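Have a look at the structure below, then the notes.
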């Protein structure tokens with residue numbers, strides 16, 4: 001197994017229990033929160049964001065007790081992705097927040113309040129062209 005795969009696996013893991021959720025969130029926190037994003041590993045950060053969104057949609061992980069606490073602990077990682085100069089990575093982070101807002105409903109307010117300052121800063125950056133496509137989604141979850 002390569003070092004890259006030890007840091008974060010390339011395939012999406014199936015989540016069928018709270019224990020699975022806790023294990024995978026622990027893996028993300030243990031590896032990616034302590035890893036500086038570089039040219040060589042940014043795609044691992046992107047994969048983690050995509051996995052969380054997929055797990056919400058396919059495996060309903062947002063219904064498990066403690067899910068929002070996991071997301072709060074990943075704030076630094078999500079903010080790093082949101083503010084990345086890589087359009088793909090910042091778009092994936094916006095997609096994750098949009099997915100979270102759709103699935104959490106009113107419970108998203110905590111995450112919304114936590115991310116709002118960063119979102120305002122990102123919208124101020126003219127280089128983020130993809131945000132024009134996402135404005136409606138973002139407005140939807142900002143006022144959720």
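So the values come out like this:
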quantity	calculated
Potential lengthening between residue 106 and residue 85 on full extension [0.36 nm per residue; Cα-Cα distance subtracted]	4.5 nm
Residue 38/residue 17 FRET efficiency (R0 30 Å; Cβ-Cβ; nearest 0.05)	0.35
Rounded if a/c under 1.5, otherwise prolate or oblate - segment 25-77, Cα gyration tensor axes	oblate
Alpha-carbon centroid distance for the pair segment 78-120 / segment 13-61, whole angstrom	15 Å
Mean Cβ count within 10 Å, highest first, over the residues of peptides 88-101, 26-39, 71-84	88-101, 71-84, 26-39
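A short reminder: the numbers here are calculations on the coordinates, not readings from a lab. Just so it is clear, the model here is predicted, and its values are computed rather than measured. Positions of Cβ are generated from backbone atoms using ideal geometry, with glycine treated the same way; all protein chains shown enter the neighbour counts.
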